[in-house]
Amino acid sequence: MKLLPKNKGYCLLEVDEMVEMSHTKDIEEMVTLVNESGASRKSFNTWLFPTVSSAEEFVFMYQLKYEN
């Protein structure tokens with residue numbers, strides 16, 4: 001996952017891991033998780049968050065729950 005700060009405080013989140021996912025169910029779960037965070041989807045693996053801190057919070061919570 002990469003955070004890309006943008007103008008006016010927005011932040012893009014690129015989820016490169018989605019390109020490597022081979023199961024449709026895994027992709028759907030990731031999409032649902034990010035969409036539930038309030039971000040808007042911009043492309044296959046990119047979401048726009050209203051603030052950098054909201055994107056950082058999502059990444060932190062995701063890593064706590066789903067990564068080692």
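Values quoted throughout were computed directly from the atomic coordinates according to the rules given, and no laboratory measurement underlies them. Computed from a prediction, not measured in an experiment: that's the story for all the values here.
Relative to the longest principal Cα axis of the chain, at what angle does helix 24-36 sit, 0 to 90 degrees, rounded to 10? Its long axis makes an angle of about 30 degrees.
Can you bin region 24-65 into rounded, prolate or oblate? Criterion: square roots of the alpha carbon gyration tensor eigenvalues sorted a ≥ b ≥ c, rounded for a/c under 1.5, prolate for a/b above b/c, oblate for the rest. Here region 24-65 falls in the oblate category. For the pair Asn35 and Ser22 in one chain, pulling the backbone fully straight at 0.36 nm per residue adds 2.7 nm over the alpha carbon distance.
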